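Below is one structure, written out as structure tokens; the observations come after it.
The values are calculated or read from the model by the stated rules, or taken from the named source; none is laboratory data. Computed from a predicted model, the values in this text were never measured in an experiment. Counting neighbours? That spans all protein chains shown, and the Cβs are built from the backbone with ideal geometry, glycine included.
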Amino acid sequence: MTQATHLQALREAILNMDLQGIGEIARAAMEAGVDPREAITEGMVPGMVEVGQKFEQGEYFLSELVVAGEVMKDGMAVIEPYLASSGGEDQVKAKAIMATVEGDYHDIGKNIVVTLLGVQGFDVIDLGMDVPAAKIVDEARVHRPAIIGLSALLSTTMARMGEVTEALRVAGLRDEVKVIVGGTPVTPAYADSIGADHCALNAIEGVHKCVEWLGNGKEER
Ligand code: B12
């Protein structure tokens, strides 16, 4: 099997909601030496994008979204240990808080970012999904992270990101953290409008930005 065939098999496992097969497909890809980051971003993520398109077209329903989400999580469970052993570049040492904003139950993308930040040496405090702005501020007060990462997948919940940056400002914490936002509806223009520091194109680009920030003076707190 070629690298491309493994990536295709991963994509199809998500698209066909192959809950039984994903473990074996992901294991086979890892054992064949497929790069774990590519297995996620070039294999499973495009599968999820297609699932979303089928949902939009009325071909898939909510039950399919749920199962596809489970397949993705099972695939991630197999791939994650390989990410850890493939190592980061220059390991950074800093705290990062990650959360999916209030009202939003999409956590697959956020979990990928949590994993990749961990691989890069960040001490990640994962607050989970459906997290109110006040909770994020409380945790920031306790942990004093260098970075706060926010995820939103719904155009309706994206607005909650602005509540977080505002609450951080009111709490006097905004100037001591970098805020990075991501998720499909989030645009650089929106990120600018709420005073976020960066809008991630995807998990890998976002994590690179976090590493770059640390190299540019945001030291461990
Ligand atoms: C799986 C899924 C679900 C699952 C979520 C399971 C879970 N545990 O996450 C379930 C079934 C729960 C679900 C529910 C709903 N969903 Co849904 N869902 C999806 C789907 C198919 C895939 C999302 C996903 O996981 N993608 C894969 C991951 C890896 O991609 P990602 O999240 O974008 O993350 C990547 C980047 O964006 C980035 N990233 C993300 N966040 C962050 C943050 C930072 C800091 C950084 C650096 C990077 C980063 O990194 C990731 C990797 O590169 C999308 C379709 C789509 N194409 O996005 C719809 C989609 C997001 N859902 C949608 C809808 C409408 C719903 C529901 C309202 C459906 C309903 N009628 O009830 C509910 C809402 C529930 C709620 N309150 O949140 C719409 C949203 C439309 C909109 N613009 O608002 C979409 C776009 C489907 C569609 N095309 O209509 N959903």
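Results for (1) under 20 Å from the mean Cα position of the chain (by Cα); (2) aromatic (Phe, Trp, Tyr); (3) outside the structural domain of residue 77 (by TED's automatic domain parsing); (4) surrounded by 19 or more Cβ atoms within 10 Å (Cβ to Cβ), shown as yes or no for each residue.
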residue: 16; (1), (2), (3), (4): no, no, no, no
residue: 28; (1), (2), (3), (4): no, no, no, no
residue: 35; (1), (2), (3), (4): yes, no, no, no
residue: 47; (1), (2), (3), (4): yes, no, no, yes
Single condition residue 115 does not satisfy, out of (1) away from the ligand (no atom under 11 Å from the Cβ); (2) under 30 Å from residue 177 (Cα atoms) = (1)
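The rows are residues; the columns are (1) closer than 17 Å to residue 167 by Cβ; (2) at pLDDT 95 or above; (3) in contact with a strand residue (DSSP E or B) (Cβ under 6 Å, 6 or more places away or on another chain); (4) surrounded by 20 or more Cβ atoms within 10 Å (Cβ to Cβ).
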position: 98; (1), (2), (3), (4): yes, yes, yes, yes
position: 107; (1), (2), (3), (4): no, no, yes, yes
position: 120; (1), (2), (3), (4): no, no, no, yes
position: 130; (1), (2), (3), (4): yes, yes, no, no
position: 153; (1), (2), (3), (4): no, yes, no, yes
position: 156; (1), (2), (3), (4): no, yes, no, no
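Can you report the number of residues in region 23-52 which are within 14 Å of the ligand (Cβ to nearest atom) and of a type outside the set (S, T, N, Q)?
Within region 23-52, residues that are within 14 Å of the ligand (Cβ to nearest atom) and of a type outside the set (S, T, N, Q) number 16.
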inquiry  = Conditions first: (1) over 18 Å from the mean Cα position of the chain (by Cα); (2) away from the ligand (no atom under 12 Å from the Cβ); (3) in a helix (DSSP H, G or I). Residue 156 passes all but one, so which condition is the exception?
reply    = (2)
ask   = Which residues, taken from region 62-77, are surrounded by fewer than 18 Cβ atoms within 10 Å (Cβ to Cβ) and touching an Asp or Glu at 6+ places or on another chain (Cβ under 7 Å)?
value = none
message = Being within 13 Å of the ligand (Cβ to nearest atom), under 19 Å from residue 102 (Cβ atoms) and in a helix (DSSP H, G or I) is true for just one of 207, 164. Which residue is that?
response = 164
inquiry  = Can you find a residue that is more than 13 Å from the ligand (Cβ to nearest atom) and more than 13 Å from residue 97 (Cα to Cα) anywhere in region 138-149?
reply    = no
task = Please find, among 103, 149, the residue that is outside any helix (DSSP H, G or I) and on the phi > 0 side of the Ramachandran plot.
result = 103
